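Here is the structure we will look at.
The values are calculated or read from the model by the stated rules, or taken from the named source; none is laboratory data. This is a predicted model, so every value here is computed, not measured. Positions of Cβ are backbone-derived with ideal geometry, glycine not excepted, and every protein chain shown enters the neighbour counts. Note: accessible area is taken over every heavy atom of the protein model, side chains too, but ligands, DNA and RNA are not part of it. Shrake-Rupley method; radii C 1.70, N 1.55, O 1.52, S 1.80 Å.
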Amino acid sequence: MLKNKKLAVIGVGKLGEALISGLLKQGALGKSDISGSIAHEASIARVKDRLGIEVTLDNRELVRGKDVILVAVKPQNMDRVIKGIADVLTADQLIISVAASVTTQFIEERLAKELPVVRAMPNTPAIINAGMTGLCLGRFANAEHKNMAEAIFRCVGETVFVDESLMDGVTALSASGPAYLYVIIESLAEAGVKLGIPRDISTLLAAQTMLGSARMVLDSKAHPAMLKDNVTTPAGCTIDGLMELEEGKLRVTLIKAVVKAAERARELVNTQNTSGK
Ligand SMILES: NC(=O)c1ccc[n+]([C@@H]2O[C@H](COP(=O)([O-])OP(=O)(O)OC[C@H]3O[C@@H](n4cnc5c(N)ncnc54)[C@H](OP(=O)(O)O)[C@@H]3O)[C@@H](O)[C@H]2O)c1
């Protein structure tokens with residue numbers, strides 16, 4: 001699907017770089033198939049050193065002749081960036097936005113012509129091909145555009161198409177999610193340290209346990225509560241740990257964290273001086 005396709009990435013920052021690295025590692029596209037843009041001259045060396053792709057400050061020049069334009073700038077920069085390239089884009093080009101909070105309608109209005117738009121919400125584990133991307137289609141995107149977008153994000157992990165009304169929820173859950181899970185891994189590792197386990201071993205124990213548990217949920221398709229019950233021996237030690245988690249309101253805290261992040265995701269596009277996702 002991606003063979004002979006040329007990809008332009010507007011905004012090679014953290015997420016843009018993660019996606020490009022994943023695509024290159026998978027061999028889905030070569031370095032000569034991908035070019036990017038950034039805002040500051042000083043970033044050119046960083047992108048060239050880390051990714052070895054062509055990079056420019058000129059978005060209008062960048063998008064000319066490219067099959068797919070992936071826009072990965074901060075939500076509050078989307079208005080200016082999209083308006084800036086609108087008149088040089090043509091109907092055979094696919095625009096994919098990964099900006100949190102920015103709807104396909106927002107982009108279509110600024111393009112002011114009937115161009116295919118796909119909104120995607122990936123996450124940074126894409127860099128190791130373990131990403132999770134939620135996607136939805138704009139008004140003018142067809143099955144071919146859907147397949148193309150899916151092919152790109154499948155290279156860097158799992159994909160799921162959802163109704164656009166759910167995209168802020170996806171943003172709060174799986175795009176912000178790695179941050180929550182790093183805090184949990186860090187906390188479990190601290191617990192190991194408290195119990196005398198060296199920090200490196202403790203971190204390995206915590207991270208591999210999270211990875212294995214996630215795989216159990218995905219592979220077995222069993223309800224997480226059932227998997228939890230399998231670990232919880234009557235009168236054993238796990239139930240004592242679970243009681244502490246309940247007392248500390250871990251579940252409700254996680255639910256509230258994701259709901260709060262989704263509320264914030266809804267307003268990002270209208271916010272100045274925000275750090276993005
Ligand atoms: N980080 C995540 O985990 C994640 C996950 C899902 C979605 N997203 C979305 O991805 C987007 C980028 O987030 P990020 O975390 O990667 O932010 P970031 O690291 O700040 O990257 C933004 C990049 O955009 C470039 N840029 C700014 N204005 C530009 C312009 N006019 N033309 C070309 N490039 C421009 C910046 O260039 P300079 O480097 O020169 O400043 C920077 O490289 C956001 O919309 C966010 O919602 C992020």
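Exactly one of these conditions fails for LEU205: (1) open to solvent by 70 Å² or more (accessible area, probe 1.4 Å); (2) closer than 26 Å to ALA28 by Cβ. Give me its number. Of the numbered conditions (1) open to solvent by 70 Å² or more (accessible area, probe 1.4 Å); (2) closer than 26 Å to ALA28 by Cβ, the odd one out for LEU205 is (2).
Considering segment 65-75, the residues that are farther than 17 Å from GLY13 by Cβ and touching a Leu at 6+ places or on another chain (Cβ under 8 Å) include one that is least open to solvent (accessible area, probe 1.4 Å), namely VAL68. Just one of (1) assigned to a helix (DSSP H, G or I); (2) loosely packed, with under 14 Cβ neighbours inside 10 Å fails for LEU268. It is (2).
Table: residues versus (1) crowded, with 21+ Cβ neighbours inside 10 Å; (2) within 16 Å of the ligand (Cβ to nearest atom).
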{"position": "ASN77", "(1), (2)": "no, yes"}
{"position": "ILE82", "(1), (2)": "yes, yes"}
{"position": "LEU89", "(1), (2)": "no, yes"}
{"position": "LEU94", "(1), (2)": "yes, no"}
{"position": "VAL102", "(1), (2)": "yes, yes"}
{"position": "ILE107", "(1), (2)": "yes, yes"}
{"position": "ALA112", "(1), (2)": "no, no"}
{"position": "VAL118", "(1), (2)": "yes, yes"}
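Identification of strands (runs of 3 or more DSSP E) wholly contained in segment 1-64 with 2 or more residues that are surrounded by fewer than 21 Cβ atoms within 10 Å (Cβ to Cβ) and at pLDDT 95 or above yields 54-56.
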